[in-house]
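J.: Submitted below is the structure of interest, expressed as structure tokens.
The values are calculated or read from the model by the stated rules, or taken from the named source; none is laboratory data. As the structure is a prediction and not an experimental result, all values here were calculated from the model. Here Cβ is always computed from backbone atoms with ideal geometry, including for glycine, and neighbour counts include all displayed protein chains. With ligands, DNA and RNA removed, areas are computed over all heavy atoms of the protein, side chains included. Shrake-Rupley method; radii C 1.70, N 1.55, O 1.52, S 1.80 Å.
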Amino acid sequence: MSSLGVGIACFPTVGGSGVAASQLAMQLAARGHRVHVFSSAVPVRLEAEGPWTVHLVESSPRPLPGAATAPQPLARAMADVSARESLDVLHVHYALPHGPAALLARERLRGHGLRPPALVTTLHGTDVTGLGDDAAARAQVRETVLGSDAVLTPSAWLRRRAMDMLGLPAHVRVDVLPNFVDPQAFHPLENGGGEVPALFPALDWSPQRRPAVLLHASNFRPVKRVDDTIRALAEVRRVRPAVLVLVGDGPERPVVEALATALHVHDAVAFVGERHSLGDLFAHADLFLLPSEQESFGLAALESLASGVPVVGSDVGGVAEVVTQGETGWLVPARDPRSMARAVLSLLADPARRQAMGRAARASALARFRPEPIVQRLEALYRDLLARPATGSTPAR
Ligand code: GMT
């Protein structure tokens, strides 16, 4: 089949939407498509050089709903590259500011008598749930959805929220296309090297005496409630030795560090900063913690499952569509670190059960979230859109 020209717009920073978009870019390029990525820096999980082209374009940082006017440089770059490279599809990840920029780019192309690429928008989470009472931003997201040829969400939960919060008429079609995980990049490791022990050199890491290792990775935004991992750790340590490895960085980090000191667990917490790869850390982890207040999907949880590490997380948003209660992890109410600690202790107290959950986690990630079938569905959608007659401003299907 002929290759497609696909433009992908995303944030470069650590965050699920940029990671999902980068992985998609790599998968599409590996399948022979011509991939052009628009971002303000090279996205964290994407190499600058590869069988894709990264266009570095000034854009607004996220999430900045109030200031989310269509960034002109991004719109210009999308229009220029679409015309020059004959792009078939513009696929924007996270509605603002990418959606309005893509709409503007399409207008420009039409103004020059050119058929614009089809527009696919993936809503990722806070671009819908974080709108609050910002009427202008809500109107822009709604306009993006209505001006797109196809709209996707990673979970059924976010699909319902988007229909609701954006007041979309019932005929507007929003499809669920889950995020995927590369099972080669994230897989169980028997021996993880010495990285986690080296983070806590004063502890005894002999097999019978090693502390439990809890892992969390996020962009430390308030919605992630990283402070609850510290509260949960403090509770767990009342009962048994445990350490916590925190991956990532962001606005909440000083709060989290201060809390670790206040609760006297600072020595049992390692802040390792942002990481390109978590493989070795997962190899040591007994459990992954995801205490988020809101999560449309939970890509980090999926990476944990693929690595064979069960997840203890908040039962919010679309997390239950990723983590199966009692089989691949345990979900507790959000903002309840005591319940989280109880779930952690109960799983740690039964190593055979925790290991069985780890195996089930890997099997579930392979069965439900492998890249191939998900990317194939997307390719079919792109081709379906191209087969349609060009219209002025096509409403979402
Ligand atoms: O959650 C974040 O801080 C990052 C955010 C993003 O847009 O980059 O993630 C959202 O998209 C991810 C990929 O689809 C999902 O896995 C996350 O659950 C979602 N975050 C929220 O809904 C809070």
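J.: Specify the residue that is farthest from the ligand (Cβ to nearest atom); the eligible residues are those in segment 319-344 that are open to solvent by 10 Å² or more (accessible area, probe 1.4 Å), part of a loop (DSSP other than H, G, I, E, B) and not small (Gly, Ala, Ser).
T.: Glu327
J.: Let me ask something additional. Kindly state which helices (runs of 4 or more DSSP H) lie completely within segment 1-116 and contain at least 2 residues that are within 16 Å of the ligand (Cβ to nearest atom) and not small (Gly, Ala, Ser).
T.: It comes to 16-30, 95-111.
J.: So if I check each of Arg45, Arg62, which one is under 22 Å from the mean Cα position of the chain (by Cα), modelled with pLDDT under 95 and closer than 18 Å to Ile374 by Cβ?
T.: Arg45
J.: Restricting to segment 4-25, count the residues that are closer than 25 Å to Gly318 by Cα and over 15 Å from the mean Cα position of the chain (by Cα).
T.: The number of residues fulfilling the criteria is 1.
J.: A further question follows. Any idea how many residues of segment 283-305 are within 14 Å of the ligand (Cβ to nearest atom) and either open to solvent by 10 Å² or more (accessible area, probe 1.4 Å) or closer than 19 Å to Val19 by Cα (or both)?
T.: Number of matching residues: 16.
J.: Here are the criteria: (1) modelled with pLDDT of 95 or more; (2) more than 20 Å from Gly15 (Cβ to Cβ). Tell me which single one His284 does not satisfy.
T.: All conditions pass for His284, except number (1).
J.: Return only the number of the condition from (1) in contact (Cβ under 8 Å) with a residue 40 or more places away in the chain; (2) out of contact with any Gly (no Cβ under 9 Å at 6 or more places or on another chain) that Leu166 does not satisfy.
T.: (1)
J.: Now a separate question. Only one of (1) in contact with a helix residue (DSSP H, G or I) (Cβ under 7 Å, 6 or more places away or on another chain); (2) in the same structural domain as Trp330 (by TED's automatic domain parsing); (3) free of Cβ contacts under 8 Å to residues at least 60 places away in the same chain is not met by Ala217, so which one is it?
T.: Checking Ala217 against (1) in contact with a helix residue (DSSP H, G or I) (Cβ under 7 Å, 6 or more places away or on another chain); (2) in the same structural domain as Trp330 (by TED's automatic domain parsing); (3) free of Cβ contacts under 8 Å to residues at least 60 places away in the same chain, the one that fails is (3).
J.: Let me ask you something else. I'm trying to understand the selection: among the residues of segment 202-225, which are open to solvent by 40 Å² or more (accessible area, probe 1.4 Å) and of a type in the set (A, V, I, L, M)?
T.: Ala202, Leu203
J.: Shifting gears a bit: Please give the number of the condition Ala258 fails out of (1) more than 26 Å from Ala356 (Cα to Cα); (2) among the small types (Gly, Ala, Ser); (3) open to solvent by 10 Å² or more (accessible area, probe 1.4 Å); (4) within 16 Å of the ligand (Cβ to nearest atom).
T.: For Ala258, the exception is condition (4).
J.: Which is farther than 13 Å from His216 by Cα and more than 16 Å from the ligand (Cβ to nearest atom), of Gly308, Gly273, Gly250?
T.: Gly308 is the lone residue from the list that is farther than 13 Å from His216 by Cα and more than 16 Å from the ligand (Cβ to nearest atom).
J.: Here's something else I'd like to know. Which of (1) in contact with a Ser or Thr (Cβ under 6 Å, 6 or more places away or on another chain); (2) open to solvent by 10 Å² or more (accessible area, probe 1.4 Å) does Thr122 not meet, given it meets every other one?
T.: For Thr122, the exception is condition (1).
J.: Which of the residues belonging to segment 117-135 are more than 16 Å from the ligand (Cβ to nearest atom) and in a loop (DSSP other than H, G, I, E, B)?
T.: Matches in segment 117-135: Pro117, Asp133, Asp134.
J.: Residue by residue through segment 214-248, note down the ones that are acidic (Asp, Glu) and over 18 Å from Gln294 (Cα atoms).
T.: Answer for segment 214-248, where residues must be acidic (Asp, Glu) and over 18 Å from Gln294 (Cα atoms): just Glu235.
J.: Suppose we filter Val312, Val316 for residues that are hydrophobic (A, V, I, L, M, F, W, C), buried (at least 21 other Cβ atoms within 10 Å of the Cβ) and touching a strand residue (DSSP E or B) at 6+ places or on another chain (Cβ under 8 Å); which single one remains?
T.: Val312
J.: Sticking with this structure for a sec: Check segment 213-227 and report whether any residue there is more than 18 Å from the chain's Cα centre (by Cα) and away from the ligand (no atom under 16 Å from the Cβ).
T.: So far as segment 213-227 goes, yes, one or more of its residues are more than 18 Å from the chain's Cα centre (by Cα) and away from the ligand (no atom under 16 Å from the Cβ).
J.: I'm trying to understand the selection: among the residues of segment 228-252, which are farther than 21 Å from Val316 by Cα and more than 24 Å from the chain's Cα centre (by Cα)?
T.: Ala234, Glu235, Val236, Arg237, Arg238, Val239, Arg240, Pro241, Ala242, Val243
J.: Okay, moving on. Just to be sure, is Gly313 in contact (Cβ under 8 Å) with a residue 12 or more places away in the chain, more than 19 Å from Ile230 (Cα to Cα) and within 13 Å of the ligand (Cβ to nearest atom)?
T.: no
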